[in-house]
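A.B. asks: Take this structure first; my questions come after.
The values are calculated or read from the model by the stated rules, or taken from the named source; none is laboratory data. Owing to the predicted nature of the structure, the values given are computational and were not obtained by experimental measurement. Counting neighbours? That spans all protein chains shown, and the Cβs are built from the backbone with ideal geometry, glycine included.
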Amino acid sequence: MIRHFRAAGVAAVSLLIALPLLPQPLAAAADTSRAASPSATGSRDARDVRDVTAPKAAARPRLPAPTGPYAVGRATLPLTDHSRRDPWVPTATSRELMVGLHYPARRGTGTSARYATVEESRHLIKAQGWENALTPEALSATAVHSRTDARPVSGTYPLLIVSPGFSAPGYSLTGLAEDLASRGYVVATVDHAYESTGTAFPGGRTLTCAACEQVYGTEDGFRRAAAGRGQDVSFVLDRLTGHASAWRYSRLIDTRHIGMAGHSLGGASAVSAMARDSRIRAGVNMDGAFQDPVPADGLGPRPFLMLGADNEVHRPGGRDRTWDQAWSRLDGWKRWLTVAGADHLTFSDAPVITDALTPPTTDTTDMTDTTAPTASTPQQPPLSGQRSVALTRTYVAAFFDRHLRHIPQRLLQGPTTDNPEVKFHRPAPSTPPAR
């Protein structure tokens with residue numbers, strides 16, 4: 001997701017994961033020399049540069065309010081797997097993880113949480129190249145709806161592991177995590193050490209993306225990263241659900257009902273984790289190439305949701321052929337959904353932050369899509385940040401409600417008039433699934 005690709009000639013399937021965390025017009029805003037020459041950037045870039053420079057520098061984005069009946073508590077939990085060395089930094093003796101926990105909480109307890117630290121925000125802004133579009137302090141102060149150390153609501157709740165895209169920080173999925181917690185889930189968002197633009201760890205350390213130079217440009221690197229995240233997730237489950245849990249509110253977790261969702265490489269990692277850990281009963285991949293493929297013998301009866309942008313990448317027969325292969329191998333309940341007007345970042349917090357910094361535009365060019373428009377590629381109006389968040393929350397929650405709580409979901413049976421953007425695909429495999 002870092003703005004510039006790390007090597008020339010990256011395979012198309014890898015490009016799906018190497019998209020920028022936020023759309024390119026914001027990156028263009030940082031280069032004021034380009035603003036003086038519309039011909040250097042194109043009319044859209046020139047307009048966006050004018051709109052997001054100094055007058056917008058103090059903008060404070062706000063995530064949409066959660067939709068469930070519960071208030072949301074938040075805690076952070078640093079974990080160290082002493083049985084594994086870090087795969088990216090040889091001098092690191094053990095694999096470190098930072099887990100952000102969101103959970104159903106009592107209203108009026110705890111203190112206001114923050115979106116990210118200023119230092120984490122600074123690294124993200126630098127990686128994107130849009131220092132003049134947003135200050136680290138403003139990004140750090142993005143309004144959230146969870147409260148640190150809030151008292152939990154009594155009861156037990158399904159556990160959902162959430163993994164972000166490669167080079168993206170875990171807080172980029174805060175909007176989804178807060179909503180799921182408000183609906184009655186414990187949500188553990190995992191920051192994988194050295195795989196994000198910047199993640200705060202104990203001791204005043206902010207670990208940056210040492211893995212990026214080793215991964216970008218190689219399919220093997222992405223596969224290694226996805227498989228490694230599968231190991232990370234198993235370790236997190238051990239530490240959250242074991243007899244000596246590392247989290248003081250572990251009593252909230254219903255260990256019989258565990259699911260996983262992820263965006264981009266995090267979505268591919270859901271398969272990696274499920275393939276190695278039978279405790280994970282259901283999984284969601286949001287617009288990520290299956291870099292670590294679904295095993296040839298499938299995942300058994302466990303359900304899986306493939307949720308992507310409706311473009312030439314993730315439609316059946318699209319450029320990312322890993323989705324066709326995954327569909328043929330998944331042998332439990334499954335759905336393949338695409339969202340019209342979405343792009344790779346629709347399923348994260350990015351559209352909300354973008355909307356806070358730029359006014360609506362009728363230009364429908366998708367600056368993050370690697371496919372040039374053609375006469376046969378109709379352009380869909382881009383989704384607003386609010387609509388992006390609403391659709392992602394709705395379908396991910398419906399999937400887990402159906403499969404972890406066994407609540408029937410009409411939403412997952414086919415298209416609805418309330419959500420016309422969402423398309424259902426049921427491709428027939430060209431050959432029988434490999435066994």
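A.B. asks: Look at T377 and say whether it is loosely packed, with under 13 Cβ neighbours inside 10 Å and modelled with pLDDT under 95. Spell out the reasoning first.
C.D. replies: On the way: loosely packed, with under 13 Cβ neighbours inside 10 Å: yes; modelled with pLDDT under 95: yes.
So T377 passes the test.
A.B. asks: Still on this structure: Out of D232, D238, D179, which single residue is assigned to a helix (DSSP H, G or I), within 24 Å of R405 (Cα to Cα) and within 18 Å of the chain's Cα centre (by Cα)?
C.D. replies: Values: D232 fails: within 24 Å of R405 (Cα to Cα); D238 fails: within 18 Å of the chain's Cα centre (by Cα).
One residue alone meets the criteria, D179.
A.B. asks: Could you grab me the full set of residues in the range 82-98 that are over 14 Å from A211 (Cα atoms), surrounded by fewer than 19 Cβ atoms within 10 Å (Cβ to Cβ) and not basic (K, R)?
C.D. replies: Across the range 82-98, the qualifying residues are H82, S83, T93, S94.
A.B. asks: In the range 384-399, what residues are in contact (Cβ under 8 Å) with a residue 60 or more places away in the chain and touching a strand residue (DSSP E or B) at 6+ places or on another chain (Cβ under 8 Å)?
C.D. replies: Within the range 384-399, T392, Y395, V396, F399 meet the criteria.
A.B. asks: If you go through the range 311-325 one residue at a time, do you hit one that is under 26 Å from R281 (Cβ atoms), aliphatic (A, V, I, L, M), modelled with pLDDT of 95 or more and out of contact with any Phe, Trp or Tyr (no Cβ under 8 Å at 6 or more places or on another chain)?
C.D. replies: No: zero hits.
A.B. asks: Only one of these is in contact (Cβ under 8 Å) with a residue 40 or more places away in the chain, among the hydrophobic types (A, V, I, L, M, F, W, C) and farther than 30 Å from I353 by Cα: L240, L180. Name it. Can you show your working first?
C.D. replies: On the way: L180 fails: farther than 30 Å from I353 by Cα.
The conditions single out L240.
A.B. asks: Hey, which of the strands (runs of 3 or more DSSP E) in the range 242-320, taking only ones fully inside, have at least 1 residues that are closer than 18 Å to L173 by Cα? Break it down stepwise before answering.
C.D. replies: On the way: elements: 253-263, 280-286, 298-301, 304-309.
Counting at least 1 such residues, we get 253-263, 280-286, 304-309.
A.B. asks: Could you tell me which numbered condition A210 fails, if it satisfies all but one of (1) of a type in the set (A, V, I, L, M, F, W, C); (2) in contact with a Ser or Thr (Cβ under 7 Å, 6 or more places away or on another chain); (3) assigned to a loop (DSSP other than H, G, I, E, B)?
C.D. replies: Among (1) of a type in the set (A, V, I, L, M, F, W, C); (2) in contact with a Ser or Thr (Cβ under 7 Å, 6 or more places away or on another chain); (3) assigned to a loop (DSSP other than H, G, I, E, B), A210 violates only (2).
A.B. asks: Within the range 344-361, take every residue that is free of Cβ contacts under 8 Å to residues at least 60 places away in the same chain and buried (at least 24 other Cβ atoms within 10 Å of the Cβ) and give me the one that is farthest from P61 (Cα to Cα).
C.D. replies: Across the range 344-361, the extreme among qualifying residues is T346.
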